Amino acid sequence: MLTIDGVGRVYPNGTRALERIGLTLEAGEILAVVGGSGCGKSTLLRLVSGLDRASEGRILVDGAAIAEPHPAVGIVFQEPRLLPWLDVADNVGFGIAHLPRAEREGRIAAVLAKVGLADYARRWPRELSGGQAQRVAIARALVARPSVLLLDEPFSALDAFTRADLQDHLLDLWAESRPTMVLVTHDIEEALVLADRIVVMQPKPGRIAAETRVALPRPRD
Ligand code: ADP
Ligand code: ADP
């Protein structure tokens, strides 16, 4: 469960990127956040991920405040952001280095199998297609078994066919452990297909302008 309570962010240069954001997500809920460029979507995800600090308000994951990057929150960006000097398995395992070796290797193998890349563990990032690299990024975000998964335009750099394939993969993965998900997207159809609820943001300052539940049947139902 994720609580965003009265959250604002003013950047050091004085730009107010977010104002009074309030959202409560149930465990397993999928929220899509849509809105034009500059309305604070990335800022919001950075705050929830612990990569940045709110200027006001509080963010709770399963009741605990998030003040720095934490294994309970996974994040996937538009670009895979894989480390080029590590192979696929080591990229996926980067954030779980503290786990005992057998546990770590078991988790890496399981999550790579789930994204259809069981045979790619010893490949290098440069050998992957765009869609494969993004599947590795999703595997890396899920391997720590986060209770919240954040996705910032995760499919918008991919062609339509690959995008549909990854949307299916994402719903399959979601169904396994049912993390709470926040999906930032420009693609309203993607929001309708994947989300239980959609919020529309507006800029200057970034705020929630509208919110709706999605009543369409979704593939996973
Ligand atoms: P979105 O993801 O919706 O495009 P952002 O969260 O990137 O929006 O940006 C929200 C606002 O904050 C914009 O006005 C942007 O210019 C500003 N902004 C983003 N990052 C910074 C930063 N590091 N310093 C100053 N202003 C920023
Ligand atoms: P896409 O259509 O997604 O751009 P690519 O043409 O990049 O796909 O890749 C097609 C296949 O070729 C993928 O299975 C990928 O793993 C493999 N591949 C791409 N580049 C390399 C490379 N430099 N070395 C080895 N395999 C590669």
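None of the figures in this text is laboratory data; all of them are computed from the coordinates on show. Note that the coordinates shown come from a computational prediction; the quantities given were computed from them, not determined experimentally. Note that we place each Cβ from the backbone using ideal geometry, even for glycine, and neighbour counts take in every protein chain shown.
A few remarks follow.
- Among the residues making up region 30-60, those that are more than 16 Å from the chain's Cα centre (by Cα) and within 24 Å of GLN167 (Cα to Cα) are GLY35, GLY36, SER37.
- Matching residues, region 174-185, being under 14 Å from SER147 (Cβ atoms) and over 11 Å from the mean Cα position of the chain (by Cα): TRP174, GLU176, SER177, ARG178
- ILE4, sole failed condition from (1) under 19 Å from VAL76 (Cα atoms); (2) touching a residue at least 40 places away in the same chain (Cβ under 8 Å): (1)
- Residues in region 152-165 that are surrounded by fewer than 18 Cβ atoms within 10 Å (Cβ to Cβ) and under 14 Å from the mean Cα position of the chain (by Cα): SER156 only.
- If only residues of region 61-76 that are under 16 Å from the mean Cα position of the chain (by Cα) and in contact (Cβ under 8 Å) with a residue 40 or more places away in the chain are counted, the one that is surrounded by the fewest Cβ atoms within 10 Å (Cβ to Cβ) is PRO71.
- Extreme residue, surrounded by the most Cβ atoms within 10 Å (Cβ to Cβ), among residues of region 171-188 that are assigned to a strand (DSSP E or B) and among the hydrophobic types (A, V, I, L, M, F, W, C): VAL182
- Candidates GLU79, GLU56, GLU19, filtered to the one that is within 16 Å of ligand 1 (Cβ to nearest atom), touching a residue at least 40 places away in the same chain (Cβ under 8 Å) and out of contact with any strand residue (DSSP E or B) (no Cβ under 9 Å at 6 or more places or on another chain): GLU79
- Residues located in region 69-109, provided they are in a helix (DSSP H, G or I) and closer than 25 Å to MET1 by Cβ: GLY95, ILE96, ARG107
- When ASP168, ASP196 are screened for being crowded, with 16+ Cβ neighbours inside 10 Å and among the acidic types (Asp, Glu), only ASP196 passes.
- Some residue of region 127-140 being closer than 26 Å to GLU189 by Cβ, within 16 Å of ligand 1 (Cβ to nearest atom), in contact with a strand residue (DSSP E or B) (Cβ under 7 Å, 6 or more places away or on another chain) and not aromatic (Phe, Trp, Tyr): no
- Consider region 36-63 and keep the residues that are among the polar types (S, T, N, Q) and in a helix (DSSP H, G or I). The one that is nearest to ligand 2 (Cβ to nearest atom) is SER42.
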